[in-house]
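The values are calculated or read from the model by the stated rules, or taken from the named source; none is laboratory data. Please read these numbers as outputs of a predicted model, since none were measured by experiment. Backbone-built Cβ (ideal geometry, glycine too); neighbour counts: all protein chains shown. Each accessible area value is taken on the protein alone, full model and side chains, heavy atoms only, with ligands, DNA and RNA left out. Shrake-Rupley method; radii C 1.70, N 1.55, O 1.52, S 1.80 Å.
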Amino acid sequence: MIKREILKMNYKIKNYMEDAVREKVMSYLKKSNSCSCERCVLDIMALALNELPAKYYVTEIGELFIKTSELASQYNVDLEVAVLKAIALVKANPRH
């Protein structure tokens, strides 16, 4: 009976890194002279996400816990490096 009640709840699993990478990509694309078409943005995001650890959450509390780890300087460095490398790669080899 408990399992059925749990299945009825409308939970979703989310990778926080997708939002963090998207935000960083859009920020850097505005500053750079890179293509910002949908294909290039998604290629950049895919490359960057493959270099970063996934940070999944289900609840708002889980999201807040992950966001607190954002304050770590190494997190920001890793995120920026992955995004910048991905932008350079896609800029050199666009697939649109």
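For this structure, a couple of remarks:
- Residues that are part of a loop (DSSP other than H, G, I, E, B) and closer than 18 Å to Val90 by Cβ, drawn from region 12-53: Ser32, Asn33, Ser34, Cys35, Ser36, Cys37, Leu52
- Within region 81-96, residues that are more than 16 Å from Pro53 (Cβ to Cβ) sit with their Cβ atoms under 7 Å from residues that are of a type in the set (Val, Ile, Thr) and part of a helix (DSSP H, G or I), at 6+ positions apart or across chains, in these pairs: Ile87/Ile44; Val90/Ile44.
- Flag for Tyr28 being among the hydroxyl-bearing types (Ser, Thr, Tyr) and at pLDDT 90 or above: yes
- Answer residue from region 54-96, given it is part of a loop (DSSP other than H, G, I, E, B) and open to solvent by 80 Å² or more (accessible area, probe 1.4 Å) and is farthest from Tyr11 (Cα to Cα) among those: Asn93
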